[in-house]
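Notes follow once the structure below has been shown.
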Amino acid sequence: MSVPNPFSALLGKDEASRSANVKLNDILESIFGFSINPKNSDNTNVLFLDEVHKVHEKDDLDLSLLQYALFERLFMCNENSELRNAKNNGQETKVIAYLFGCYQKLANLQTKLSAEEYADVHDKIFQNISTSIIQPDLYSGQNIAEDMLNIVRHEEIGADEFFIEAAKRVHQEDNSSECLKEFMGTISQVLVNELTKCSLSDTSPKVYSYLQVVSSNELLGEIFMDTNFPKKPNVGSEYSHTVIGAILNHSVLPATPVGKYDYFTNPMDQAGNAGTEEYLWSYLQNQNQNLHKFFLAMLKCGAKVKEKTLLWLGTCLKTNVNRGKIWNTHAPELNPAIYINVTDGFMLNLCNLLLSLCQPFCSKGKDERVLKVDPTYCAVPNEDCEQKGIHMADMATETCFLPVSSDDQLEEKRLMSDSYNFITECFFMAHRSLDIGYRVGVDKIIRQNIEMGRIQRAFNDALQQAGGNSDLIGTIKDRMSEELSKYLSLKCVLSDPDVLEKMFNMISATCHWLCQVSVHQNSPDSTAFAPLKELPIHFPLDNRIPDTLKCIPEFMVENVVSFLIFVRRFSPKSFEEEGYDKLSPILSFILVYMSSRRHMKNPHVRARLAEGLESLLPFHKDDSTGLNVGSTQRARLFTDHPHRLNIVENLMNVFVEIEMTGQSVEFEQKFNYRRPMYAVFDHLWELPEHLGAFRALAEHAERNMEAVNPPLFLKFANLLINDAIFLLDEALANMAKLKEMQQAQDTGEWASLSARDRTQNIAYMHHVGNLARFDNILGKDTIGMLEKLTSKIELVFTHTTMVDRIAAMLNYFLLNLVGPNKKNFKVKDAKDYHFEPAVTVLEICKIYVNLKSSASFCLAVSQDGRSYSPGLFTLAEDVLIRIGGGTLVEELKEVASKVAEIANKQMADEEALAEAPEHYLDPIMSTLMNDPVILPSSKQIVDRSTIARHLLSDQTDPFNRSPLSMDQVVPHKELAEEIRNWIDERKRKCC
């Protein structure tokens, strides 16, 4: 029987240990791709670390040797190392890529290691990653940050976790964020450099892989935002040199202020343009979806990340606010300030992003969630912004719907909430972006449209003058092509269907919210002022005006109106697609704020609302047939809207107040405001309900013609006559100038001039032509409106305050258009200047016929010594027959007969009243006074009808400009009695 070996148990343990070491060595060799066993010196699959073998005199790797061996392996990645210089050795020479490979292999072999072994190996990998990030100079020839970026964006398995764990380890070992900030700042710069070289259509989607990882971790998200604030945070254009900004800069529009337009390079190819537009829209939508996804993740990533993300957005908007200045649309290329602001493409993309963030609370019609927006956000001064959670500064400097009151240099303190929610901030940030982005784009495309029309006219002139072979014609054609490319590019961005839908949601929700703000009364002691509950709107509006209107910036109105104008001109089908429910709040908003100076102080802003109202008309006479895409939904606004019967009165109020503001309003600006109003009035006149509203206002005026405060319709009618006189007079004067210049050009007078003088003459002729076109269009609208009104309403126009002026106006313009001077206005291409004298003559004759039953009108016609003569209507009859107005001839003859009859009678009366004493005559009109009154300030005596007519347009004493109203004038009873007695005496003597 054998004797058992007493050391057998010990030997068994040694053999087990050696077996375990061999197993661990194999695993470590598989993970790290190196060996310290000389047997592997010729093995091409692993790298033999001879130095480690010699120093430690071991053949097998273990955990105690791993750190030393790994460090040795990493140093072999240095520049000029044997490993780097060797060819085709299959060994990874990038530190980060190598360590990531080790990390992946460790994950695959995790089950073959104990928990302690796995943790130790894992720790050593990330210890070395951290070292390479904190001390990148250890490894020459390496780009640690770019290599890490490549791993993440190539979306390899485990890449996200690898990056996140590396960042955490760096943050832990550095005891601060500085090294990680520097590292991620380098990554950001790599991305910016790459993105700057890309365009919208060739941007790699892999950039979003990196952003997705960043936004999934609070530490990374915070550091990323820190590195995305520009070095000069107060210079707007610097934001385009950040990762987010470089993506936002990818657009259909140029990436620099005076950059090249890369798309629509063959703008005359309509079919090609449509295809280009479609694929560009797909790129824009894809980019916005990725950015929206990133920002949503950042806002949910953690409190600090959200804070910094909102601050980036708010500061970017604040520093680019000068984009909204008038120079940016009128002559941007001449202003160096364009170089310190981001481009149109950047800001329009930011608009799209912010609109996307707003969709959850504005995508449904009258969404209750939008009522959580607090209207006092823009009242918060900069020093209180941080405390109240506001990230967009300088909003308190904006002009608001209502001004704050001040007394003895103490300004009223506006309402402010204790804090502001995300919905409120997102809402106002979106509107700020629209103000300096979308609105600017709309202004530019409208000006671009005008510029293309000007170039087209110059091209036509060049064709006439130089024939088809002129170099000038080629130059103009090239310019036309260049401008058309710009136009198509801008139109593509603004009319992106995805943007239009989101814009419609935002504008409709904004209008609903503004209506609710107008009817919510808030206590000054409240801590929040959002109109949380929907209340009904009633007209007339409540006299109690909420103080929250002192906090809402006027530019929100411009955002609404600009969008409506754009849709009407460039995408009217959107009105029909969005439907009545989305349009209804918009009309409500216009009626609430257009009608009341107590809700909206600035009359110019209220006049802009009238332009928005015009955009909602079902059709426009100037629209091309290509834009006729149906109008059922818009038509319903004027037939079904609950407040539709307030439109006429509200519009008249604005029409009148533009004249009565007490501010200096240029004629051209005033008429530009009124032109859209004429279009709305024309449409409403054809609808029985609204015609009834006109008549009701006129009947009120007829009952109150002598009221202290002249009735609205009377003031409206007076201004119509004023406008007609001014516009038609200017139009005829400019047409006469054009006639003279055309004759000079045709007779060769200009041929003897220098080239410079000829160019100046042609430019001046275009200028006069533009003025004539403007005056003719508006003059025709005004006369047309007067014809409509007089066809149903007589008394207002034949009252003593009005009748002389309307009669004199009709006589003067009829004489010029049918009398011997009509040849002075006959120009070539009269239609180009919208000069249609036949139409104007027809409208004038209709007004005569409309008012023929009034004896006071016929008398006023006959008493006009400047233009009336018995032959005036005969001349008009001849013209009517030639222009197809023969049906009016008989009625005009009846007018002529009545006027002649009254003229003969009046002539006898005038002979009886000749040589009246000077103090019986009105000092302004030089006519005999019937009802003399004393003006309290100047003590001048005038006829009541004269001063009443004057005060319709100007509420001052005409002799010393002191404020004056009809209730202040003093009847001069003694003089009135004296004049009546004198008249009676003269008539007795004549008899």
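We did not get these values from a lab; they are worked out from the coordinates using the rules stated. Quick caveat, the model's predicted, so the values are computed rather than measured. Neighbour counts run over all protein chains shown; Cβ positions are idealised from the backbone, glycine included.
Run the dipole for the chain about the Cα centre, Lys and Arg Cβ at +1, Asp and Glu Cβ at -1, nothing else charged, and hand back the magnitude in debye, nearest 20. Working shown, then result.
Values: 101 positive and 134 negative charges, 375 e Å.
Dipole about the Cα centre, nearest 20: 1800 debye.
Could you give the size of the charge dipole of region 734-912 about its Cα centre, using +1 on the Cβ of each K and R and -1 on the Cβ of each D and E, expressed in debye and rounded to the nearest 20? Walk me through the numbers on the way to the answer.
Details: 21 positive and 23 negative charges, 108 e Å.
So the magnitude is around 520 debye.
Sort ARG323, ARG674 so that the residue with the fewest other Cβ atoms within 10 Å of its own Cβ comes first and the one with the most comes last.
Details: ARG323 26, ARG674 23.
The fewest-first ordering by Cβ neighbours comes to ARG674, ARG323.
Using Stokes-Einstein with the Kirkwood hydrodynamic radius over Cα pairs, what translational diffusion coefficient do you get for region 491-541 at 4 °C and a viscosity of 1.567 mPa s, in µm²/s rounded to a whole number? All intermediate terms of the calculation are to be shown ahead of the outcome.
Working: Rh = 13.4 Å.
Estimated via Stokes-Einstein, D reaches 97 µm²/s.
For region 344-493, build the charge dipole from Cβ charges (+1 Lys, Arg; -1 Asp, Glu) around the Cα centre, then report which of HIS391, ILE436, SER405 sits farthest towards its positive end.
Positive-most Cα among the choices belongs to ILE436.
If you scale each eigenvalue of the Cα gyration tensor by 5 and take the root, what three semi-axes come out for region 381-424, rounded to whole angstrom and sorted largest first?
The equivalent ellipsoid of region 381-424 has semi-axes of 22, 12, 10 Å.
Below 8 Å between Cα atoms, with a sequence gap of 6+, how large is the relative contact order for region 920-990 in percent?
Relative contact order comes out at 31 percent.
Can you sort THR424, THR475, THR131 from fewest to most other Cβ atoms within 10 Å of each residue's own Cβ?
On the way: THR424 21, THR475 12, THR131 18.
Ascending Cβ contact count within 10 Å gives the list THR475, THR131, THR424.
Could you give the spread of the C-alpha atoms of region 734-912 along their three principal axes, from largest to smallest, in whole angstroms?
Principal extents (largest minus smallest coordinate, Cα): 63, 35, 32 Å.
Skipping prolines and chain starts, which residues have an amide H placed within reach, meaning under 5 Å, of the one on LEU47, given they are 5 or more residues away or on another chain?
Amide H neighbours of LEU47: PHE34, SER35.
Could you give me the radius of gyration and the Dmax of region 491-616, taking only the C-alpha atoms into account and expressing both in angstrom?
When restricted to the Cα atoms of region 491-616, Rg and Dmax are 15.1, 49 Å.
In terms of Cα to Cα distance under 26 Å, which lysines are near enough to LYS893, apart from those fewer than 8 places away along the same chain?
Candidates past the 8-residue exclusion: LYS780, LYS788, LYS792, LYS822, LYS823, LYS846, LYS852, LYS905.
Taking 8 Å as the Cα distance limit and 6 or more residues as the minimum spacing, I'd like the relative contact order of the chain as a percentage.
RCO, the chain: 6 percent.
Work out from phi, with θ = phi - 60° and the Karplus expression 6.51 cos²θ - 1.76 cosθ + 1.60, the ³J(HN,Hα) of each residue of region 839-856, listed in order in whole Hz, and give x for Gly and Pro.
5, 5, 4, 4, 5, 4, 5, 5, 5, 4, 5, 4, 9, 5, 6, 8, 5, 5
Roughly how many whole Å is it from the C-alpha centroid of region 698-762 to that of region 571-593?
After rounding, the separation between the Cα centres reads 35 Å.
Based on Cβ point charges of +1 for Lys and Arg and -1 for Asp and Glu, what charge dipole magnitude is obtained for region 920-990 about its Cα centre, in debye rounded to the nearest 20? Each step should come with its number before you reach the end.
Details: 10 positive and 11 negative charges, 48 e Å.
So the magnitude is around 220 debye.
Calculate one ³J(HN,Hα) per residue across region 183-195 by plugging θ = phi - 60° into the Karplus curve 6.51 cos²θ - 1.76 cosθ + 1.60, and present them in order as whole Hz with x for glycine and proline.
Result, rounded to whole Hz: 5, 6, x, 5, 4, 4, 5, 4, 5, 4, 4, 5, 5.
When DSSP assigns beta bridges and you keep just the ones with both residues in the chain, what percent turn out antiparallel, to the nearest 5?
Numbers: 10 of 12 bridges.
Counting only bridges with both partners in the chain, antiparallel ones make up about 85 percent.
Determine the gain in length on full extension of the stretch THR527-VAL970; use 0.36 nm per residue of separation and subtract their C-alpha separation, reporting nm with one decimal. Walk me through the numbers before you get to the answer.
Details: separation 443, 0.36 × 443 = 159.48 nm, distance 5.38 nm.
Here the answer is 154.1 nm.
With θ set to phi - 60°, apply the Karplus curve 6.51 cos²θ - 1.76 cosθ + 1.60 along region 70-82 and write out the HN-Hα couplings as whole Hz, x wherever there is a Gly or Pro.
5, 5, 4, 5, 5, 5, 6, 7, 5, 4, 6, 6, 4
Using only Cα positions of the chain, each an equal point scatterer, no hydration layer, compute I(q)/I(0) via Debye at q = 0.06, 0.08, 0.09 Å⁻¹ and quote the log10 values to two decimals.
Listed by q, the Debye log ratios stand at -0.63, -0.94, -1.10.
Starting from the Cα of LYS197, draw a straight line to each of the lysines and keep only those under 16 Å, dropping any in the same chain fewer than 8 residues away.
Output for LYS197: LYS206, LYS260.
Once amide H atoms are built 1.01 Å from N in the peptide plane, which residues 5 or more positions from PHE619, or in another chain, come under 5 Å H to H?
Those lying under 5 Å, H to H, from PHE619: there are none.
Label region 880-991 by shape, choosing from rounded, prolate and oblate, from the square roots a ≥ b ≥ c of the eigenvalues of the Cα gyration tensor; if a/c is under 1.5 it is rounded, and otherwise prolate applies when a/b is larger than b/c, oblate when it is not. Walk me through the numbers before you get to the answer.
On the way: a/c = 3.57, a/b = 1.42, b/c = 2.51.
It comes out oblate by the Cα gyration axes.
Using amide H atoms built in the peptide plane, which far-off residues or other-chain residues are under 5 Å from CYS400 H to H?
Those lying under 5 Å, H to H, from CYS400 are GLU554.
Give me the net charge of LYS318's neighbourhood, meaning all other residues with Cβ under 9 Å from the Cβ of LYS318; Lys, Arg count +1, Asp, Glu -1. Don't jump to the answer; show the numbers that get you there.
Working: positive: ARG432; negative: ASP394.
Result for the neighbourhood of LYS318: 0.
Which is farthest toward the positive dipole end of the chain among ALA717, VAL680, LEU532, measuring Cα position about the Cα centre, with Cβ charges +1 (Lys, Arg) and -1 (Asp, Glu)?
The Cα lying farthest towards the positive end belongs to ALA717.
With the contact rule set at Cα under 8 Å and sequence spacing of 6 or more, what percent relative contact order holds for region 231-319? Don't skip to the end; give the middle numbers.
Values: 40 pairs, mean separation 25.9, N = 89.
Normalised by residue count, the contact order of region 231-319 is 29 percent.
Using the number of other C-beta atoms within 10 angstrom as an exposure proxy, rank THR227, THR265 with the fewest first.
THR265, THR227
I'd like to know which of PRO923, ILE934, VAL969 lies farthest towards the positive end of the charge dipole of region 920-990, counting +1 on Cβ of Lys and Arg and -1 on Cβ of Asp and Glu.
Of PRO923, ILE934, VAL969, it is PRO923.
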